[in-house]
Amino acid sequence: MADPRFLRRFPIVASALFLTACGSSGYSRIVSVNPAEASVYVNGERIGQGSPRPHNFDFSECSRIYVQATHPDYMPEFEWFTLDKIQEMIRTGTEVKLTLRSR
Amino acid sequence: MNSLLRTTSLSALLCLTACGSIPSREFEFDAIDVSENPRPCLVVLNDDWTSAAEKNQFVNVTDDNSLVLKIEFPKSPEVEVTCAPIQVADGKPTRVPKSRKEARDYSGFVDEVRKVQLTDPRKVFFILPKKAGS
């Protein structure tokens with residue numbers, strides 16, 4: 001006979017596991033930019049400015065993802081990321097970092 | 001990441017496009033400058049400047065507006081897209097460039113060329129720097 005406490009908690013634990021599985025459709029990587037004041041865009045959408053931040057690289061709807069960074073005093077930067085490249089970066093512990101060149 | 005889901009959805013996309021005669025897909029184009037202001041541009045596919053002008057493939061000319069184009073991939077898995085900066089006055093291009101050099105020389109901004117693939121993200125976004133000395 002199963003423990004009644006386990007039976008009460010099972011639906012909660014199962015729901016938590018299900019929600020975790022649903023939300024894991026991507027690879028989280030820290031995205032940073034130099035200079036830190038530069039704005040960062042992923043697939044054409046602005047994701048922020050300033051300090052490094054985690055971003056979920058989701059390849060469910062595209063085969064590659066691009067990251068751009070811009071600052072008024074620098075040349076803009078652009079980089080493609082494929083699934084293989086992101087997996088290799090995870091394996092080697094490499095962050096996504098874009099460094100802008102002065103104009 | 002569920003690689004099976006990814007592979008299945010991308011395969012489905014490729015199969016669906018393969019069933020038609022020519023693989024094609026809609027893309028949305030937009031452009032800004034390094035200060036993140038909308039930048040008026042002409043979107044040129046595979047260096048066909050004449051068609052781009054005839055079909056009014058402009059972004060940010062009358063307002064902050066993007067351009068949606070259905071792109072066909074008849075022979076190559078990639079299409080070359082040139083985002084050519086233009087000058088605008090009273091909601092109209094003052095001059096429609098016929099080459100990358102003309103676009104650069106006349107607008108004071110630098111164009112960008114990008115190879116776009118069928119399974120790329122829908123939004124094709126350009127950030128154009130000013131030409132040196134501008």
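The values are calculated or read from the model by the stated rules, or taken from the named source; none is laboratory data. Remember, predicted model here, so these are calculated numbers, not experimental data. Cβ: placed from backbone, ideal geometry, glycine included. Neighbour counts: every protein chain shown. Accessible surface areas use protein heavy atoms only, side chains included; no ligands, DNA or RNA. Shrake-Rupley method; radii C 1.70, N 1.55, O 1.52, S 1.80 Å.
Residue by residue, here is whether (1) within 14 Å of chain A (Cβ to nearest Cβ); (2) at positive phi; (3) of a type in the set (Asp, Glu) holds:
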residue: B:Glu80; (1), (2), (3): no, no, yes
residue: B:Pro85; (1), (2), (3): yes, no, no
residue: B:Thr94; (1), (2), (3): no, no, no
residue: B:Pro97; (1), (2), (3): no, no, no
residue: B:Arg100; (1), (2), (3): no, no, no
residue: B:Glu112; (1), (2), (3): yes, no, yes
residue: B:Lys115; (1), (2), (3): yes, no, no
residue: B:Pro121; (1), (2), (3): yes, no, no
residue: B:Phe126; (1), (2), (3): yes, no, no
### Task
Tell me which residues, restricted to the stretch A:50-82, are open to solvent by 20 Å² or more (accessible area, probe 1.4 Å), under 26 Å from A:Ser25 (Cβ atoms), outside any loop (DSSP other than H, G, I, E, B) and more than 7 Å from every other protein chain (Cβ to nearest Cβ).
A:Arg53, A:Pro54, A:His55, A:Asn56, A:Phe78, A:Glu79, A:Trp80, A:Thr82
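Checking the conditions here, which among B:Glu78, B:Glu54 is closer than 23 Å to B:Phe109 by Cα and surrounded by fewer than 19 Cβ atoms within 10 Å (Cβ to Cβ)?
After ruling out the rest, the residue left standing is B:Glu54.
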#### Entry: Scope the stretch A:83-99; condition assigned to a strand (DSSP E or B), out of contact with any Lys or Arg (no Cβ under 7 Å at 6 or more places or on another chain) and of a type outside the set (Lys, Arg); matching residues
A:Leu98, A:Thr99
## Note on the structure
Residue hits (the stretch B:49-67; within 12 Å of the chain's Cα centre (by Cα) and either in a loop (DSSP other than H, G, I, E, B) or among the hydroxyl-bearing types (Ser, Thr, Tyr) (or both)) are B:Gln57, B:Ser66
### Query
Can you name the residue in the stretch B:110-130 that is more than 23 Å from B:Arg25 (Cβ to Cβ) and open to solvent by 20 Å² or more (accessible area, probe 1.4 Å) and is also farthest from the chain's Cα centre (by Cα) among such residues?
B:Lys130
